[in-house]
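Notes follow once the structure below has been shown.
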């Protein structure tokens with residue numbers, strides 16, 4: 001671990017050139033991973049304060065690097081998505097009864113581009129795998145709505161002008177429930193057919209990402225590398241993604257009957 005110290009010190013005070021960042025990041029991996037395991041309460045803010053290089057626009061690539069070193073499965077979501085999306089679409093056709101979400105599902109047709117189809121299916125996951133966890137607020141407990149579950153998974157904003165307002169609204173809602181704002185995805189655009197930018201939001205850092213699936217992949221890997229908990233409102237969505245797209249089971253998984261039933265239904269298709 002002493003060998004890692006010069007690399008750790010370099011990372012605290014430097015952010016370029018990027019080739020050197022990657023070199024020092026990899027050379028200090030053992031010490032950093034051991035350090036991050038001490039933050040198993042999921043306090044992402046503390047980790048980003050300690051390792052400011054993660055706030056760099058390319059910081060997510062460092063997280064990807066740590067994930068690959070620890071878990072492998074580099075291309076898992078891209079390998080699994082084609083079959084998963086075909087089956088999940090068929091299951092949604094059967095299971096989704098709410099008129100609002102049924103209408104959104106019907107927007108997918110043979111003329112829909114692959115990217116728009118991915119966006120629509122991802123945003124419909126909370127309507128299929130509905131939230132079941134109850135969140136305690138004072139002496140009462142509440143079950144998140146499908147809309148609340150979606151917003152903690154993928155927050156859609158109309159334009160860049162709405163960014164700060166909509167993120168702050170999410171932050172305030174979490175604080176009112178005595179929760180922290182966990183990593184989440186942002187799609188920018190009026191609707192699924194006009195999304196023109198993708199981001200992953202962690203603490204107060206925004207990573208600009210290339211596509212919808214890439215955003216899911218980066219956000220998912222952040223949970224594991226940073227030891228962050230899934231948002232309670234969309235815990236069932238991330239658990240479904242973990243099991244079906246990454247084929248991962250951990251000792252920390254919360255048993256969810258809805259996720260289990262969807263898994264079983266997909267296996268039979």
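The values are calculated or read from the model by the stated rules, or taken from the named source; none is laboratory data. All of these numbers come straight from a predicted model, not from anything done at the bench. Every residue, glycine as well, gets a Cβ built from its backbone with ideal geometry; the counts of neighbours run over all protein chains shown.
So which residues in the range 183-214 are buried (at least 20 other Cβ atoms within 10 Å of the Cβ) and without any contact (Cβ under 8 Å) to a residue 60 or more places away in the chain?
Hits for the range 183-214 are 184, 185, 186, 198, 199, 201.
State the number of residues belonging to the range 84-104 that are closer than 18 Å to residue 119 by Cβ, out of contact with any helix residue (DSSP H, G or I) (no Cβ under 8 Å at 6 or more places or on another chain) and not in a helix (DSSP H, G or I).
Here the count works out to 0.
Quick one: how many residues across the range 19-35 are surrounded by fewer than 12 Cβ atoms within 10 Å (Cβ to Cβ) and either in contact (Cβ under 8 Å) with a residue 24 or more places away in the chain or within 15 Å of residue 47 (Cα to Cα) (or both)?
Number satisfying all stated conditions: 1.
Yes or no: the range 181-194 includes at least one residue that is over 19 Å from residue 123 (Cβ atoms) and in a helix (DSSP H, G or I).
Step one: list which residues in the range 181-194 are over 19 Å from residue 123 (Cβ atoms), which gives 181.
Subsequent filtering for residues that are in a helix (DSSP H, G or I) retains none.
The answer is no; no qualifying residue exists.
For the subset of the range 13-46 comprising residues that are touching a helix residue (DSSP H, G or I) at 6+ places or on another chain (Cβ under 8 Å) and farther than 18 Å from residue 65 by Cβ, which member is modelled with the highest pLDDT?
Result: 46.
Just checking, which of 60, 67 is closer than 21 Å to residue 234 by Cβ, touching a strand residue (DSSP E or B) at 6+ places or on another chain (Cβ under 8 Å), part of a helix (DSSP H, G or I) and not assigned by the TED database to the domain that holds residue 201?
60
For every residue, the table says whether it meets (1) buried (at least 19 other Cβ atoms within 10 Å of the Cβ); (2) within 14 Å of residue 86 (Cα to Cα); (3) touching a residue at least 24 places away in the same chain (Cβ under 8 Å); (4) touching a helix residue (DSSP H, G or I) at 6+ places or on another chain (Cβ under 7 Å).
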site	(1), (2), (3), (4)
129	yes, no, yes, yes
135	no, no, yes, yes
145	no, no, no, no
153	yes, no, yes, yes
156	yes, no, yes, no
159	no, no, yes, no
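So, in the range 232-269, exactly how many residues are surrounded by 17 or more Cβ atoms within 10 Å (Cβ to Cβ) and farther than 27 Å from residue 94 by Cβ?
Final tally of qualifying residues: 1.
Any residue at all in the range 112-120 that is within 21 Å of residue 233 (Cβ to Cβ) and either assigned by the TED database to the domain that holds residue 217 or touching a strand residue (DSSP E or B) at 6+ places or on another chain (Cβ under 7 Å) (or both)?
Yes, the range 112-120 has at least one match.
Only one of (1) closer than 25 Å to residue 248 by Cα; (2) surrounded by 14 or more Cβ atoms within 10 Å (Cβ to Cβ); (3) in contact with a helix residue (DSSP H, G or I) (Cβ under 7 Å, 6 or more places away or on another chain) is not met by residue 74, so which one is it?
(2)
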